[in-house]
Amino acid sequence: MRFKILLLLVFLNFSCESKIEFLQYNSIDNVWHRDSIQSFVFELTSANKYNTYINLRINEEYQFSNIFLITTLKDSLSILSKDTLNFKIADKSGKFLGKKRVNIIENSLIHKENLKLEKNKKYSVSIEHAMRIINKVSGLENLDGVIDVGYKIEKIN
């Protein structure tokens with residue numbers, strides 16, 4: 001009987017291995033200024049294919065159903081990609097998507113899929129918001145309701 005329990009514990013330990021290779025958050029403190037670029041620097045220990053995510057924590061003060069983000073992924077030598085991304089974070093009725101915890105809504109937004117990254121190489125990602133009010137040319141200076149911006153990297157098996 002003890003052998004079966006030990007075997008079960010060993011199996012659970014190996015099957016619960018985390019795929020997360022990197023996870024970091026930057027606190028915004030409820031107002032994200034358009035010049036406040038969120039930066040994340042990472043180095044991976046294995047060459048592999050990865051999915052990367054932008055994690056966004058907002059509260060009820062966020063006034064939009066989407067968010068536009070400009071992301072730049074670099075290695076130590078060059079820019080690997082620069083994208084303007086549009087993510088839907090609320091449905092048509094205005095109900096926020098994502099995981100709700102008390103008064104915080106957390107969204108994990110896909111950034112890159114099947115991204116090949118090398119081991120022992122420094123990478124950096126910068127994220128800035130590019131929100132605008134309809135019929136206004138200039139961007140929104142302060143984006144209310146954003147609490148944290150994070151970046152997550154998961155290994156693909």
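The values are calculated or read from the model by the stated rules, or taken from the named source; none is laboratory data. This is a predicted model, so every value here is computed, not measured. In this analysis, Cβ positions are derived from the backbone assuming ideal geometry, glycine residues included, and neighbour counts consider all displayed protein chains. Please note that ligands, DNA and RNA were not included when accessible areas were found on the heavy atoms of the full protein model with its side chains. Shrake-Rupley method; radii C 1.70, N 1.55, O 1.52, S 1.80 Å.
Scanning region 94-109 for residues that are open to solvent by less than 100 Å² (accessible area, probe 1.4 Å) and over 14 Å from the mean Cα position of the chain (by Cα) turns up GLY94, PHE96, LEU97, ASN103, ILE104.
If the requirement is being without any contact (Cβ under 8 Å) to a residue 60 or more places away in the chain, among the hydroxyl-bearing types (Ser, Thr, Tyr) and more than 24 Å from GLU21 (Cα to Cα), which of these qualifies: SER93, SER81?
Values: SER81 fails: more than 24 Å from GLU21 (Cα to Cα).
One residue alone meets the criteria, SER93.
Among the residues of region 63-79, the ones that are under 27 Å from PHE42 (Cβ atoms) and either part of a loop (DSSP other than H, G, I, E, B) or among the aromatic types (Phe, Trp, Tyr) (or both) come to 4 in all. Restricting attention to region 60-84 and to residues that are among the polar types (S, T, N, Q) and over 19 Å from the mean Cα position of the chain (by Cα), the residue that is surrounded by the most Cβ atoms within 10 Å (Cβ to Cβ) turns out to be GLN63. Would you check which residues across region 30-47 are open to solvent by 40 Å² or more (accessible area, probe 1.4 Å) and either in a strand (DSSP E or B) or of a type in the set (D, E, K, R) (or both) and list them? Within region 30-47, VAL31, HIS33, ARG34, ASP35, SER39, VAL41, GLU43 meet the criteria. A count restricted to region 110-142 and to residues that are out of contact with any Ser or Thr (no Cβ under 8 Å at 6 or more places or on another chain), open to solvent by less than 40 Å² (accessible area, probe 1.4 Å) and outside any strand (DSSP E or B) stands at 3.
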